[in-house]
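Everything on this sheet refers to the single structure shown next.
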Amino acid sequence: MSTPDIVEPGETYSVPAASPSGAPVVIVVPAAAHGTVAQIVTQAEHAVHVARGRHTPVCTVLVDTSAPADTHAREAFLSSPTGCSRHAVACPRAGWGAAVARGFRHALHLQASLVVVDADKPTGEDAVAGHLPLSTAITMLREQALPGVVCGPLARPWWQRQLATHVLRPLLAPGLGLTLVDPDARTLVLSPRAVQIALNPRWRLDTLPGEQGLTVLAAARYAGMDLDQGPPRTPSITLDQLSSDVGDLADHDRGLGLLEAALATTRLARAVPANAVPPWTADLVPANVDDHDVLDKALAFAADARASPPGAAMPRAGDWPGPLIEAWYAARGLSPNLNAIACRLWDAYTHRVHAWLRAAVRLDAHPARLRQSVIAANTEFLTATATPINPVTTLAMENHEHHRLPQAI
């Protein structure tokens, strides 16, 4: 087993001798949660070997964002068995972007052949050898004409994806040229060139707020590289945990951060040719979850989220997607205030999703029955932004696979 290294801030680190098989695949894991880091790392290393062969040299770099005195994540990382080289880099209390940038620089120093960023939850899919979603994403990158980035989306149910369904997917599509399953884009497979582009100071990766990789995608797209997304990865989580989490409806600050990052991609539509995109993509539909129960919970959170401050103008739900179209064009203006635009769009979104959920309750139905209204709104937005549309077929609309959730960690 390789001897792992711990690298403290400001220290130099030694680079292991290059393997006769070639440059290593470098896995970057920005993390502070010691309870899951060992499982995430083990699964990522296994996925690389499934995609590239057991003899592929792999170096895994933990960028530990814990408090300076907290060594639990590093200890868990370094103590788990492996045949791969491992480095732990201390980056106390760093944000996601700063941690990823640190890992990227380490990967370039190691002369990586490709880089995997795995910052998501463990999954229960490693038992299906040869069919791992992350392995598929790694293979897809090698097949790109101009290798850039492949996303490894994390599967989530519809009630945790309201912001993505109504706002982020259509808003990002004109600039990125694809309809993202998971707009957080936290699990990525990148070519070395895409890593170098993302580290360009103009993209400010070191100061990226929140925990999402939209800036990395935008940098690769602006440089003319290929972007793709692999098959969704199913999280290890219990049905109770799944049905109690309403996702972005309860997180105003995270939502605004995602909106600002998405609005920043609107200028890409001027720089790169538009790709045809679908106005709809399916989410995880877990079996054995009471749709009516989660629908009631989501509606309750939506009612709280739509509460406007005194004197604020009340958006009208029937205007949608008007506010989305206005936000897209406003973000493309001269010196736009993206934070102000994002705040207005958030207010409009909360009213839109509240009305949409109320309609689902009245119909006594799973909101999938209302997807036609989402498709119609997203199609109107894409048409207004002159984005070519790849029509959604009936087969694609109905193909909601019922995933059997793996055992919770």
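The values are calculated or read from the model by the stated rules, or taken from the named source; none is laboratory data. Fair warning: this is a prediction, and the values are worked out from it, not measured in the lab. A quick note on method: Cβ atoms are made from the backbone with ideal geometry, for glycine too, and the neighbour counts reach across all protein chains shown. Heads up: the accessible areas ignore ligands, DNA and RNA and are worked out on the full protein's heavy atoms, side chains in. Shrake-Rupley method; radii C 1.70, N 1.55, O 1.52, S 1.80 Å.
Hey, any idea what % of region 25-234's accessible area is carbon plus sulfur with a 1.4 Å probe?
53 percent
Would you please put 254-267, 43-56, 194-207, 160-173 in order of how densely packed they are, using the mean number of other Cβ atoms within 10 angstrom per residue and starting with the highest?
160-173, 254-267, 43-56, 194-207
Mind ranking 372-385, 177-190, 94-107 by how tightly packed they are, going by the mean number of other C-beta atoms within 10 angstrom, highest first? Intermediate values should be presented prior to the final figure.
Numbers: 372-385: 18.1, 177-190: 24.7, 94-107: 22.9.
Taking the mean over residues of other Cβ atoms within 10 Å, the ranking is 177-190, 94-107, 372-385.
Asp296 to Thr71: extension gain in nm, 0.36 nm per residue of separation minus the Cα-Cα distance?
76.9 nm
Give the ranking of Arg352, Arg193, Arg86 by solvent-accessible surface, highest area first, calculated with a 1.4 Å probe. Provide the component values of the computation, followed by the final result.
Working: Arg352 30, Arg193 130, Arg86 5 Å².
Ranking Arg352, Arg193, Arg86 by accessible area, largest first, yields Arg193, Arg352, Arg86.
Starting from the exponent 0.38 and prefactor 2.2 Å, build the expected Rg for region 25-234 from its residue count and divide its actual Cα Rg by it.
Computed over Cα atoms of region 25-234, the ratio equals 0.95.
Please give the length that would be gained between Val285 and Asn390 if that part of the chain were fully extended, namely 0.36 nm times their separation in residues minus their C-alpha to C-alpha distance (nm, one decimal).
35.5 nm
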